[in-house]
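To keep things clear, I will list the structure first and then write my remarks on it.
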Amino acid sequence: MLSLNEQMDIINRGNKEIISEDELAGKIESSIQTGIPLTVKWGADPSAPDIHLGHTVSIRKLGQFQNLGHRVVFIIGDFTAMIGDPSGKTIARKHLSRQQVMQNAETYKQQIFRILDPEKTVVEFNSRWCNALSFEEILNLTSKYTIARMLERDDFENRYRTGQPITIMEFLYPLIQGYDSVALKADIELGGTDQKFNLLVARDIQREYGQIPQVVITMPLLVGTDGTQKMSKSLGNYIALDDPPEQMYGKTMSVPDELIYPYFELLTDVTGEELEQIKKLLADPKCNPMELKKQLAKRLVTMYYDPQKAETAEREFDTIFRKKETPEQMSVHRLSANLLWVIKLLTEVKFASSNSEARRLVQQGAVSIDGTRISDPELTIKFKGGEVLKVGKKKFVSLEIGC
RNA sequence: GGAGGGGUUCCCGAGUGGCCAAAGGGGGCAGACUGUAAAUCUGUUGGCGACGCCUUCGGAGGUUCGAAUCCUCCCCCCUCCA
């Protein structure tokens, strides 16, 4: 096991805030003395199994804890999912079946184990202890926190002030998450800065239950591909771990230039010196940021796939977007007939969800076949096979005759 | 329990009898521009083989030649008083 200072150095890198560093040092010290690893908690909602780069900011930090010999517990909040984290607008949550939860959990594991060591990761479902709680115990839990303190939470305060509904059930969310820490006797809990409130509540709850409060480590929120809002699945501005290489590469390239630096910092293992270098280059007007972004995109694809796939992805990107040519590889669609109305064609290959949308695309000049723009929405085309249909900038399909 | 305010398209939000498939903004999509992007500009944004028709403004009825708009009942949300 590494010394206190060495451990602190590693943990300190890239986080937003540690509450508190002194407590953390104390815990690490006693762990070194006793040889007992610290329990590091991290939780996730089971309803959204698409892990994206935003999550990896925390997951990578967990990986560091594992390397330091500590015990990482990944909690799947199947119980809390019934409530839904009150941060969003989504109030009514659909109840997930046991089977769905298990399925999502599997998907989760598959993804996080691309970063974490499966041997060293404990996976828990919080329904295990939550379902066992009696009403009396729940009342007891609710007696440990006040409305005033709940309303300190930004979302709650906001919604309360602007006249948005808040249910009592939502107040339970932070309490249950806190109770999870009690059940696990968590030493440390990791989360995004948006989780700070919940993580801090857990400290109070643990104290109420006679435990030493967990150390809270918040990680910066990754800005999504739109360059403004945090990366999230519901906003659609995310790069998923499961995105195929070309997509991972392409999405990274579509990120605003300002994100190049934070992405290198939070998502890759580049050293401090390299980061400095990147910062310098970005400030240099002679340097084309595209080159750095390509490095970033390639690096990410290499991390989650391999160098060859990264190479291919880069080549394809250059072909489509820089040279504006057709990609080498594209999916093939077998036409239902060899004489087809353009509108029908677009809906058939699912590049448009309705005839109206298809018409719009044609009228806007988004549609071309073998490089020739189609502008007449009434056109019927005769195919002989091998044609390439392009819609917009990035949708391609190769057409073949027959089903 | 009482009094008042409100529910409109993906989101926010205007509209209080026909000119309403519904202003404006956001987002999305497309086009132009560009060193990839972003930004910007322009267009578009319910459906239908389509210059006409069908469905939409919390739900169900009703008034009317005609309803997002008026009436009745119901559901939901918010505020204040208790």
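Just a few scattered comments:
- Alpha carbon centroid spacing (whole Å) that separates segment A:356-373 from segment A:254-328: 31 Å
- Å² per residue, accessible surface of chain A at 1.4 Å: 51 Å²
- Selected from A:Ile166, A:Leu141, A:Leu235, residue furthest toward positive end of dipole (chain A; charges at beta carbon): A:Leu235
- Straight Cα distances below 16 angstrom link A:Lys109 to the lysines A:Lys41, A:Lys120, with same-chain residues fewer than 8 positions distant left out.
- Share of carbon and sulfur in the accessible area of segment A:245-322 stands at 51%, probe radius 1.4 Å.
- For segment A:299-403, the relative contact order is 28 percent, taking Cα pairs closer than 8 Å that sit 6 or more residues apart in sequence and dividing their mean separation by the residue count.
- Basic side chains Lys and Arg get +1 at the Cβ, acidic Asp and Glu get -1 at the Cβ, and with that the dipole of segment A:4-219 about its Cα centre reaches some 420 debye.
- Cα-based convex hull, segment A:245-322, per residue volume (Å³, whole number): 85 Å³
- Rg/Rg_globular for segment A:332-400, with Rg_globular taken as 2.2 N^0.38 Å and Rg from C-alpha atoms: 0.95
- Heavy atoms of A:Asp117: accessible area, 1.4 Å probe, square angstrom to 10: 50 Å²
- Legend: P(r) of segment A:264-403 from all alpha carbon pair distances, 10 Å bins from 0, whole percents, reading 11, 31, 23, 18, 13, 4, 0.
- Ranked packing of A:379-386, A:216-223, A:102-109, A:258-265, most packed first, by mean Cβ within 10 Å: A:216-223, A:258-265, A:102-109, A:379-386
- Cα centroid separation, segment A:185-206 to segment A:100-150 (Å): 13 Å
- This model, with +1 at the C-beta of Lys and Arg and -1 at the C-beta of Asp and Glu, gives chain A a dipole about its Cα centre of some 1300 debye.
- Heavy-atom accessible area, probed at 1.4 angstrom with all protein chains present, ranks A:Met290, A:Met150 as A:Met290, A:Met150, highest first.
- Counting Lys and Arg as +1 and Asp and Glu as -1 over every other residue whose Cβ lies under 12 Å from the Cβ of A:Gln111, the net charge comes to -2.
- Percent carbon-and-sulfur accessible area, segment A:332-400, ignoring ligands, DNA and RNA, probe 1.4 Å: 47 percent
- Residue-level accessible surface for A:His52, protein heavy atoms, 1.4 Å, Å²: 10 Å²
- Average projected area [Cα convex hull, chain A], square nanometres: 24.6 nm²
- The 1.4 Å probe gives accessible areas that order A:Trp341, A:Trp129, largest first, as A:Trp341, A:Trp129.
- Separation in nanometres of the label points that stand 7 Å from Cα toward Cβ, at A:Ser336 and A:Arg98: 4.2 nm
- Electrostatic bookkeeping for A:Ala352 treats Lys and Arg as +1 and Asp and Glu as -1; over the other residues with beta carbon under 12 Å from its beta carbon, the sum is +3.
- Rounded Å value of the spacing that divides the Cα centres of segment A:332-353 and segment A:21-63: 50 Å
- Each helix, a run of at least 4 DSSP H residues, gives -39500 (n - 2.57); summed and divided by the residues of chain A, these come to -13500 deg cm²/dmol at 222 nm.
- Per-residue SASA entry for A:Lys309, accessible area with 1.4 Å probe, Å² rounded to 10: 90 Å²
- Figure note: A:Arg71, A:Arg159, A:Arg360 ranked by solvent-accessible area, largest first, 1.4 Å probe, ligands and nucleic acids not counted: A:Arg360, A:Arg71, A:Arg159.
- Nearest-0.05 FRET efficiency for A:Gln110 and A:Cys287, computed from C-beta distance (R0 41 Å): 0.60
The values are calculated or read from the model by the stated rules, or taken from the named source; none is laboratory data. From a predicted model like this one, the values you see are computed outputs, not experimental measurements. Positions of Cβ are generated from backbone atoms using ideal geometry, with glycine treated the same way; all protein chains shown enter the neighbour counts. Accessible surface areas use protein heavy atoms only, side chains included; no ligands, DNA or RNA. Shrake-Rupley method; radii C 1.70, N 1.55, O 1.52, S 1.80 Å.
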